[in-house]
Amino acid sequence: MDIARQIQGEILADIFNGLGEKEILKKYSISSTEFLALKDSLLKQIKEKAGDAEITTHAARYFRNLAKECKFTETAKNLGLSEARIKFLNQIILGKVRPTYGIIFSLRRFISPAQWVFKEDEELPAPVSFRPLVEEKFPVYNMEARTELSTRKSLGHIYFDAIKEGHVLSKFCAVHNCPAAEIANVIYMKKHPTEDRRCLKRPAVPFITKFRTDIHPDFWFIYPDEVSQDILRKISLSAGEWVARLRGY
């Protein structure tokens, strides 16, 4: 280590230990500008260490690691995100805002939606295999895509249809500690507030999380025509098991 780096390390140690600016300027004969730069460097190091220690989701950790390697923006662009979405994604991985349905859907081909739901210290379920047919029509998830998809049922909705048909929806709500009104807001078609059409509301991450052990988070971002008949049968069987179990109560 050269002398300059050694002195810099000593100054950072003094800042960390609470030595005042005037004392440091006098002790090391540096300018206020140099002091502020070193102080900013220390704060950045503290934030990075705090970020490393924090338990976050698998997806957030992936992007945080890219940011540390100065590859975040380049990778996000390669994944097809616009500049506006990249800025928003950065706010998400910093923990300032919650991941939105739109961001998760935009990245579904590359990062399974479950990675935004499960923490990095939790076992991640295997991703659901699917053919990304939506992207063939809508390469970018925009308002047009959102409008059309809001009229279609995802695999998550298909799962709930079986629960409803089994007449155990209220019991299913209770088991998962979710108010019936909250579920109804997601699984039933409603009239659009400003347009003459009916649509489904996109579920938020907290809602998806409540049911993640029984309804794979990926299901809410994939449509029936994108998966095999085997996956559809498994969904039917899983929901059927819940129906049989809850009818016994």
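The values are calculated or read from the model by the stated rules, or taken from the named source; none is laboratory data. This structure is a prediction, so every number in the text was calculated from the model and none was measured. All Cβ positions, glycine included, derive from the backbone under ideal geometry; neighbour counts span all protein chains shown. With ligands, DNA and RNA removed, areas are computed over all heavy atoms of the protein, side chains included. Shrake-Rupley method; radii C 1.70, N 1.55, O 1.52, S 1.80 Å.
Only protein heavy atoms count here; under a 1.4 Å probe, residue 225 has an accessible surface of about 70 Å².
For the range 195-223, backbone nitrogen atoms closer than 15 Å to the point 7 Å from residue 143 Cα along Cα-to-C-beta are found at 195-196.
For the cross-link pairs 153/234; 96/153; 164/234; 68/96, the ones whose C-alpha atoms lie over 21 Å apart are 96/153.
Starting with the highest mean, order 71-81, 105-115 by the number of other Cβ atoms within 10 Å, averaged over the residues of each peptide. Let's see the in-between values first.
On the way: 71-81: 15.3, 105-115: 20.8.
So the order, starting with the most tightly packed, is 105-115, 71-81.
Rounded to the nearest 0.05, what FRET efficiency do residue 55 and residue 87 give with R0 = 30 Å and r taken as the Cβ-Cβ distance? Could you check?
Efficiency, from the Cβ-Cβ distance: 0.75.
If you add up the charges near residue 187, with Lys and Arg at +1 and Asp and Glu at -1, over every other residue whose beta carbon is less than 11 angstrom from its beta carbon, what do you get?
Working: positive: 153, 164, 190, 201; negative: 161, 182.
It works out to a net charge of +2.
Neighbours of residue 161, meaning other residues whose beta-carbon lies under 14 angstrom from its beta-carbon, give a summed charge of +2 when Lys and Arg score +1 and Asp and Glu score -1. Modelled spin-label separation between residue 73 and residue 228, with each label point placed 7 Å from Cα along the Cα-to-Cβ direction: 4.2 nm. Here the label points at residue 167 and residue 209, each 7 Å from Cα along the C-beta direction, are separated by 3.5 nm in the simple model.
For the range 162-225, GluC sites (Glu not before Pro) are listed when DSSP marks them as loop and at most 11 other Cβ atoms sit within 10 Å of their Cβ; the list is 195.
Calculated FRET efficiency, residue 32 and residue 120, Cβ-Cβ r, R0 25 Å, to nearest 0.05?
Numbers: r = 41 Å, r/R0 = 1.63.
Efficiency, rounded to the nearest 0.05: 0.05.
The dipole here belongs to the range 91-249: it is taken about the Cα centre, uses +1 on the Cβ of Lys and Arg and -1 on the Cβ of Asp and Glu, and is about 460 debye. Under the simplified labelling scheme, the residue 188-residue 238 pair shows an inter-label distance of 2.5 nm, with each label point 7 Å from Cα along Cα→Cβ. Ligands, DNA and RNA aside, residue 238 has an accessible area near 40 Å² when probed at 1.4 Å.
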